Each structure stands twice: as structure tokens, then as C-alpha cells.
């Protein structure tokens, strides 16, 4: 029952996302036929292009065609390259997914321990330092951090490569750039959640039983503090998947975000619509997984 | 200036060989990696419309005629041509024994196929009108072809050098169809496509059958690096060999690096402010002249773009055939104020300048400099910045006060450089964005279109340029330059004012 409801909800979300992106693109000033023909094209040439892209048909008809093709798994063709949008996405999507996952690993590896540490040292200098660090992490623009990392590790000391995704070392700098910002968010959430559980009676009981602090934190406190942390990780992963345009551009990453922005600038409607649809679907699936994970962590949660 | 700085003046042959020597390593050829800002759109030259992709297509295809680095028309796939006395029949002798990269012979039938493909409405070429004056193509034998135009067309040969007139393999088009040919391109050029990873890179191998001999490289790769500063860093760290389209600030920084060379050359673009000639105070030519006097172009060129442009002395640049140095308006704020007073605006007026951001060389910064200079003569100019596509849509409505733009005629002939932007039937939604109208200029531009005598044509265009400058249709600003930066071990890069960069004779030590 839960799954049926969730699947139907996801379908609704996707239809909504497709409709919104379809409508918003067409409300945006700028004409795809003109964009494709270029600023110096003769008027008759622009009209030829418009006709060849079916953009001279009424918008309602374009919408019906788009939605019915979408239902069949056909997302149309790129106006510019005439490549099927599905192929464009297949070429870009894995790169985005891989970078998001490695960034999330960095974020979890840094953020969770930092948050726990800060919570344990509540009110002490270590707590303040940790939280200031995470504050810096949240506020630092990824563009600036990325540039800093490139100049330091790639140009000055030539330790790490920074362009493309063809070898494992290429992941280090972009993952750090994206991961550190997210780590800061996770650290703050972990701290807050840990503080709440560390004050609970069962933690005092655990301590009273003479358990080591490590066991108290790991088994009793963290497990109970995990639900909000997992939730924010799920949300942040969604954000990573959709919002890394700047980092992708900086590190020459052939990802989905850059594809969408490039296509938007060229008013390549079909590619933008396809990209947004895939992001929406990913977000929906991530939400579902997060729900399931929270349920596994805390059986009291009813789905 | 550093000694690695090559400031080539226009008619020079602009090859990197000058500075970097030309000894190729005897032991095997190497891979050349070029960093460029945008991915290719389509590798079908008949459908391609953006100059970034044209640059890449130049590796795959040849035309019948082409430009050399001084913008002279020289033989490419045609070795000789002649215009008959009727003024409409052109005979071309084709280069013999040329084949396409798939082995298809290049011949008169291929020429016919290509031109007819561009003209066929089913192809939906956005550059169809470049060749629309062609009435028929008649192969005489394998290496001789006659092309008949519907009127005596003075700019005909220039149109044939346009990227849309590239020769593609008829067999490859038949095999892949119009939809997929752009992903499986095939021409007669020095490089053939091996692999294209969307958004990431395009990889080429030398074509052994190239008529000038295979390039002396193992491979040619275009790496898509959208961020300017990343492109510069990659070049500095030696991960790419050549970088295109670097911003002025990066170029200046790289000049100090002794492991790099930089070629700076003119382009065939004019940057201008289109004043809406049919709106408010701009209806009065004295006001438009005043604005021209008010703008300090010399300061814009030296301070805003750091010398990466030349002050314009006509509405078309020297690289375009038909250019005539008619002289612009010197910086003279006192005269500007006087003219404004004469026109009835002693206290100035308010208007808005629209500008794209990052589309043209330092466009927004130029607008800001102009704003300050307008204020000095009592004009209150507001700046409105736009996304480029949105700007073009709005400009088509013709309701703006003024807009900062660039115009470059990719056929490098005065007809395409002037007719669309100054002839009065070409008002928005067409390209005469200043809504300029002068019947004398209309006549000159229409007559010159149908004049095949070069001397007469040149005179007509000279008269037109003079008149347009006197009428001050635009605030004519400058001709931007372009820069290509490369590692010291790269030789033989050819940079054309059309912004095409050729690697057919490039080597890597």
C-alpha cells in the first residue's frame, strides 16, 4: 500500500516537473529558433528553423506531443546536436552521480565525527572552534574554495589533477570542494541532534552502567540521533545532484548541471526539460530511500 | 612587452612558427590538446550556426575557395574560377584527385549535391540565404562545374568561402541522413572525427588523404573547458597545448609566462551602440553625432579592454572587403554639448542602454565607461543588462533607446557587413537594429549587391560608409581583437580574422 501510494505520488511529481519546466521555458524571453539560427540569421532562415523544430505548432499541441512521447520514454531531440535527449542524459548522468556520491562520502566522513565531537565538548573551546569551522564551511562559496584548491594542489604543488573525470585522482578536488560545504551542514545537524540525545535518561543510564564513552555515543546516543542526520544527508544528496553547476564548470566535469545550464542559455528546450525530469526523478527516489532508511533506524516511524 | 608577445599587424602571416621555430621531432608525432569554452553544436556545416563550432568544423571540411590570413580569397577545392560576360555564370575548375574521408571522390557532382542540399528547404539550413542567389549548378565534367546566379552577385565568391558552403561527402549524407550526419561528419579536410563525448571532448585523427598532406600530429583533441580561468590554469600546467577565447585579464597574466606564446590578431567584428534612429531625441542626427563626440573610444580601447581592440574608423572593419577608412568622431565633449544645445537639449536627457553580459569583449564594462562619459556631457544614461537570447528577442520589437552589440559578417564582404544592418527594409525584426533609414544609402547598398565590377562596388561601399558615419546611425566603438595562447613547443597555428584557427600545419615538438 505504502509503495503504491509512493509510486503514484512520484508519477505525479514527474508530471508536475515536466509540465512546469515546459511552461516556464516557454514563458522565458528568448526564442529557440532565433537562438539556434544565431543573431545574424535572415528572418526567412529563422522561420525555416522554427518549422523544422515543430516550434511553429500551437503550444498546447507541443505539450501533448511532449507528454505522450515522454510516456513512451522518448524525450525528444536536442535542437542543437540533433542527438536524442536520452543519449545526452546517458552521457552526462553517471558523471554527476559519481561525483555526488564521492562528495557525500567526504561530507559524511568529515561532518558526522565533527558534529559528535562538538556535541561532546559542548560549551568548551573545542565546540566553538568546530562550529566556527563549520560556519566557515557553510558560508564559503564553492567556486572560491574550488579555485583555492586548484591553485594550491594542482598549479603550485602539482599534486592532483583537476580536470575531467577519467581517473580516480580527478575526483579528489571536486569532491572536497562540494563535500566540505555539505560536511558543515551535516556537522551542525549532528551536533544539534546529539545534544538532544546526550541529555536523555537512557544515556545517563548507559553511563551509569559504566559503559565506555565510545559505546555510549555509538550505540546509545548516535543511533537515536541518526534520523535527522540521515534525513539531512538525503536532502543534501539531492541538492548535490542538482546544484553543482559551478563546481562542474570549474573542474571541467561533464555533468548534468552544466548540460542543463548550457542548454538553457541556448534555449535548447528539449535537453533542459529532459535534464530537469531526470533530476526530479532522482530526488523522488532519494526521498523514498531516505524514508525507508529512517524506518529501519527507528521502527517507531510509520510509513 | 615580453618577448613572447606577438602583436601581429593585419597583413602578416600569423603563424606561431615565427616565434617557436619549426623543427618537428623526427621521432613520431604527438597529441595536440586544445582547450575551448563551448562544446560543438552540430558537426554538419550546413546546419551549424555558431562560430565556436565553425572553428571545429574547419578541421573536417574544405570550401571551393577560402580566406588566407590577410583575408584574401585563395583556392581551396577549386583551383581556378572565371565569371562569364553575362555576369551570372561562374566556371570553376576543381582540384583533381581529392577524396572525402570515406573514400568518396570529390567532383563536380559533389559540388552540385552540396549546394542543392543547403538550398533544399527540407535540410532546414539556418544559413540558406547565404547561397540563395544560386539558380543552378551544372557539372560540365568531373572537374569542371558551372554555377549560375539569379542576378549578377558581387559578393558571390565571398559567400562560397562561408562555412555553410563547406563540401560534405554525398555518400555519408546518404548513409546517415540529415538527422545523424552531424554526429558522423565526413569532409575532405585535414582531420576526421574519431570520437565525440558530449560536453567533454572531441577527438580527431589526421586524414592521410588530405590534399595538402596529412597533418604532422598523432591526434587533435578539443577539450571543453567552459570556465575561463580553468582553461588558463590548464594551459599553464601544460595539460592543454592551446587555449581559445581567453578573457583579456587572463591573457595579460599569461603574457608574463615564458613557457607560453600568444597570438593576437584582428577580427572582422565591429562593436557599436545602435541608437534607435526612430525614437525620441535620437531622431535628430545632431543628437546622434553629439553622442559619438561624447564617447572617448581611445580611452575605452586602452583602459577598458587594455588594448585588445582598435578604435573603429568606419562602420565595417579593415578585414572586410570594401572597407574604407572614412574616419570616426574624435572625443570632443565640448562639441557634444554644443550639438545637444543646438538640437534643443541644453540640459541633456535620460535614456537607457541595453547590453548583454559576457557576449562581446568586456561588453558590460564598456557600457559602464560610456555611462560615465555620457554623464560628463549632461546625459543621464541608465544601463540594463540582459541574458543574450532575451536581449535579441526584445531588440526585435524595436522599442529600445539604445543597445550595445557586435556585428561580424562571416562572409567578410561589405554586402553582408552592411546591407542587413543599414538597409531600411531590414528594420527589426531583421538586423537593422538602429532602425536607420537613408534612401541614398539604400540605393548604394542595393546597387552594390548587383554589381560585379570590383572597382564600382568598392566606390559604392565607400560612399555608403561615409554617409552612414555622417548620419551617425550608430555610436561606432571599436574592432575587437582575438587571442590564442599556446605552449612554447607548438608551431604553425594559423589564426584568421574570421576567428577560425587552423591546425593543418601545426606541429608539436
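Just to verify a result, which residue in segment A:154-169, among those that are away from chain B (no Cβ under 11 Å) and assigned to a helix (DSSP H, G or I), is farthest from residue B:234 (Cα to Cα)?
Among residues in segment A:154-169 that are away from chain B (no Cβ under 11 Å) and assigned to a helix (DSSP H, G or I), the one farthest from residue B:234 (Cα to Cα) is A:168.
Taking the criterion of being over 18 Å from residue B:387 (Cβ atoms), within 12 Å of another protein chain (Cβ to nearest Cβ) and either surrounded by fewer than 18 Cβ atoms within 10 Å (Cβ to Cβ) or free of Cβ contacts under 8 Å to residues at least 24 places away in the same chain (or both), would at least one residue in segment A:17-37 satisfy it?
no
What's the number of the condition residue B:176 fails, among (1) out of contact with any helix residue (DSSP H, G or I) (no Cβ under 9 Å at 6 or more places or on another chain); (2) more than 14 Å from chain A (Cβ to nearest Cβ)?
Tallying (1) out of contact with any helix residue (DSSP H, G or I) (no Cβ under 9 Å at 6 or more places or on another chain); (2) more than 14 Å from chain A (Cβ to nearest Cβ), residue B:176 fails exactly one: (2).
Restricting attention to segment B:2-32, and to residues there that are modelled with pLDDT of 50 or more and surrounded by fewer than 22 Cβ atoms within 10 Å (Cβ to Cβ), which single residue is farthest from the chain's Cα centre (by Cα)?
B:28
Among the candidates A:4, A:12, single out the residue that is over 17 Å from residue A:75 (Cα atoms), at pLDDT 90 or above and away from every other protein chain (no Cβ under 14 Å).
Criteria check complete, one pass: A:12.
Only one residue in A:154, A:175 is out of contact with any helix residue (DSSP H, G or I) (no Cβ under 6 Å at 6 or more places or on another chain), crowded, with 18+ Cβ neighbours inside 10 Å and farther than 14 Å from residue A:120 by Cα. Which one?
Every option except A:154 fails the conditions.
Can you give me the number of residues within segment B:193-206 that are surrounded by 22 or more Cβ atoms within 10 Å (Cβ to Cβ) and more than 14 Å from chain A (Cβ to nearest Cβ)?
1
Scanning for something at pLDDT below 90, touching a helix residue (DSSP H, G or I) at 6+ places or on another chain (Cβ under 6 Å), over 22 Å from residue B:396 (Cβ atoms) and facing another protein chain (nearest Cβ under 10 Å), does segment A:60-82 turn up at least one residue?
Looking for residues that are at pLDDT below 90, touching a helix residue (DSSP H, G or I) at 6+ places or on another chain (Cβ under 6 Å), over 22 Å from residue B:396 (Cβ atoms) and facing another protein chain (nearest Cβ under 10 Å), one finds at least one in segment A:60-82, hence yes.
Okay, residues lined up against (1) within 30 Å of residue B:230 (Cα to Cα); (2) touching a helix residue (DSSP H, G or I) at 6+ places or on another chain (Cβ under 7 Å):
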residue	(1), (2)
A:195	no, yes
A:221	no, yes
A:226	no, yes
A:260	yes, yes
A:267	yes, yes
A:272	yes, yes
A:285	no, no
A:296	no, no
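Quick check: anything in segment B:417-434 outside any helix (DSSP H, G or I) and more than 14 Å from chain A (Cβ to nearest Cβ)?
Initially, segment B:417-434 is screened for residues outside any helix (DSSP H, G or I), giving B:423, B:427-434.
Still in the running and more than 14 Å from chain A (Cβ to nearest Cβ): B:434.
Yes, segment B:417-434 contains a residue that is outside any helix (DSSP H, G or I) and more than 14 Å from chain A (Cβ to nearest Cβ).
Where in segment B:120-230 are the strands (runs of 3 or more DSSP E), entirely inside, with at least 3 residues that are closer than 30 Å to residue B:89 by Cβ? Break it down into steps so the answer makes sense when it comes.
Working: elements: B:134-141, B:144-149, B:191-197, B:201-206, B:219-224.
Filter on segment B:120-230 gives B:134-141, B:144-149.
May I ask you to list the residues in segment A:91-144 that are more than 17 Å from the chain's Cα centre (by Cα), within 14 Å of chain B (Cβ to nearest Cβ) and either in contact (Cβ under 8 Å) with a residue 12 or more places away in the chain or crowded, with 17+ Cβ neighbours inside 10 Å (or both)?
A:91
Taking residue B:221 as the residue in question, decide whether it is within 25 Å of residue A:248 (Cα to Cα) and either surrounded by 19 or more Cβ atoms within 10 Å (Cβ to Cβ) or within 14 Å of chain A (Cβ to nearest Cβ) (or both).
Yes: the conditions hold for residue B:221.
Residues to consider are B:121, B:96, B:105; find the one that is farther than 24 Å from residue B:55 by Cα and in contact with a helix residue (DSSP H, G or I) (Cβ under 9 Å, 6 or more places away or on another chain). Full working, then the answer.
Values: B:96 fails: in contact with a helix residue (DSSP H, G or I) (Cβ under 9 Å, 6 or more places away or on another chain); B:105 fails: in contact with a helix residue (DSSP H, G or I) (Cβ under 9 Å, 6 or more places away or on another chain).
B:121 is the lone residue from the list that is farther than 24 Å from residue B:55 by Cα and in contact with a helix residue (DSSP H, G or I) (Cβ under 9 Å, 6 or more places away or on another chain).
Could you please find all residues in segment B:383-400 being crowded, with 21+ Cβ neighbours inside 10 Å and away from chain A (no Cβ under 12 Å)?
B:400
For segment B:231-253, which residues satisfy the criterion of being facing another protein chain (nearest Cβ under 7 Å) and not in a loop (DSSP other than H, G, I, E, B)?
Within segment B:231-253, B:233, B:234, B:236 qualify.
Just checking, how many residues over segment B:258-268 are part of a strand (DSSP E or B) and buried (at least 24 other Cβ atoms within 10 Å of the Cβ)?
Residues that pass the stated criteria total 1.
Residues that are crowded, with 21+ Cβ neighbours inside 10 Å and over 20 Å from the mean Cα position of the chain (by Cα): does segment B:405-422 have at least one?
no
Can you pull out the residues in segment B:317-342 that are within 28 Å of residue B:398 (Cβ to Cβ) and surrounded by fewer than 18 Cβ atoms within 10 Å (Cβ to Cβ)?
Scanning segment B:317-342 gives a single hit, B:342.
What are the residues in segment B:105-142 that are surrounded by 19 or more Cβ atoms within 10 Å (Cβ to Cβ) and more than 23 Å from residue A:37 (Cα to Cα), if any?
B:106, B:107, B:108, B:110, B:111, B:137
Among what's in segment B:143-155 and is in contact (Cβ under 8 Å) with a residue 60 or more places away in the chain and surrounded by fewer than 23 Cβ atoms within 10 Å (Cβ to Cβ), pick the residue that is nearest to the chain's Cα centre (by Cα).
Of everything passing the filter in segment B:143-155, B:153 is nearest to the chain's Cα centre (by Cα).
The values are calculated or read from the model by the stated rules, or taken from the named source; none is laboratory data. Remember, it's a predicted structure, so these values are computed and weren't measured experimentally. Ideal geometry is used to build each Cβ from the backbone, glycine not excepted, and the neighbour counts take in all protein chains shown.
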